[in-house]
Ligand SMILES: CC(C)(COP(=O)(O)OP(=O)(O)OC[C@H]1O[C@@H](n2cnc3c(N)ncnc32)[C@H](O)[C@@H]1OP(=O)(O)O)[C@@H](O)C(=O)NCCC(=O)NCCS
């Protein structure tokens, strides 16, 4: 299985992959045009034949915070670690961009806990609430649970964790008093 950044030509497959979960109310609808405009947010997992079996997106909200969005694994491919692999990939990407926090709004909070996410509340995500939730038609019917993690504490692998902590310390060092 290959996990890679999405290309524009993947947008249709990503859109189709998400549709069953959008209909079930598990994912927010993302029109094809939205996926194209934001294709750089998306990563995909493809099988050896190049078919896209899973997708997920990392969307930056401000200088510190990234949102994991549109995480979907094809029904026939679930339970084989693809969802986990995509979350690890997106968290690694968040580290590369030096976002400090990553969050998701999800119906499946338990899925995210092994990656260091904890249950949160919208009071900690005011920028998300003001920008998106207030305009959402489901605002008063929303059952999504916010989960949030410290990107640099997230357990990806011990090597990556050590490297990320080192990078973070190096980044913070100039701000420390002499
Ligand atoms: C949730 C989803 C992304 C998981 O992907 P997956 O590839 O099936 O998950 P994995 O095989 O990586 O599973 C890893 C672990 O998460 C658990 N898990 C899977 N789906 C879960 C869910 N909906 N809720 C809680 N835990 C879940 C698995 O049991 C597994 O646990 P284990 O390691 O103890 O065996 C996938 O089921 C999906 O696309 N669901 C529909 C869309 C959706 O709900 N998106 C999610 C949230 S924003």
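Data for the structure
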| read-out | value |
| --- | --- |
| Output for region 126-178, where each listed residue is closer than 21 Å to residue 64 by Cα, at pLDDT 80 or above and in contact with a helix residue (DSSP H, G or I) (Cβ under 9 Å, 6 or more places away or on another chain) | 128, 129, 133, 145, 146, 147, 148, 149, 151, 152, 153 |
| Selected residue (criterion: surrounded by the fewest Cβ atoms within 10 Å (Cβ to Cβ)) from residues of region 51-69 that are over 14 Å from the mean Cα position of the chain (by Cα) and modelled with pLDDT under 95 | 63 |
| Qualifying residue in region 2-11 (condition: within 11 Å of the ligand (Cβ to nearest atom) and surrounded by 20 or more Cβ atoms within 10 Å (Cβ to Cβ)) | no |
| Selection status of residue 39, surrounded by 19 or more Cβ atoms within 10 Å (Cβ to Cβ), touching a residue at least 12 places away in the same chain (Cβ under 8 Å) and over 13 Å from the mean Cα position of the chain (by Cα) | no |
| Positions within region 12-33 being under 25 Å from residue 133 (Cβ atoms) and more than 16 Å from the ligand (Cβ to nearest atom), in sequence order | 31, 32, 33 |
| Checklist (1) surrounded by 12 or more Cβ atoms within 10 Å (Cβ to Cβ); (2) at pLDDT below 95; (3) more than 15 Å from the chain's Cα centre (by Cα) applied to residue 123, failing item | (1) |
| Qualifying positions in region 23-35 - part of a helix (DSSP H, G or I) and surrounded by 16 or more Cβ atoms within 10 Å (Cβ to Cβ) | 35 |
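The values are calculated or read from the model by the stated rules, or taken from the named source; none is laboratory data. Only a predicted model underlies this, so the values are computations on that prediction, with no experimental measurement involved. In this analysis, Cβ positions are derived from the backbone assuming ideal geometry, glycine residues included, and neighbour counts consider all displayed protein chains.
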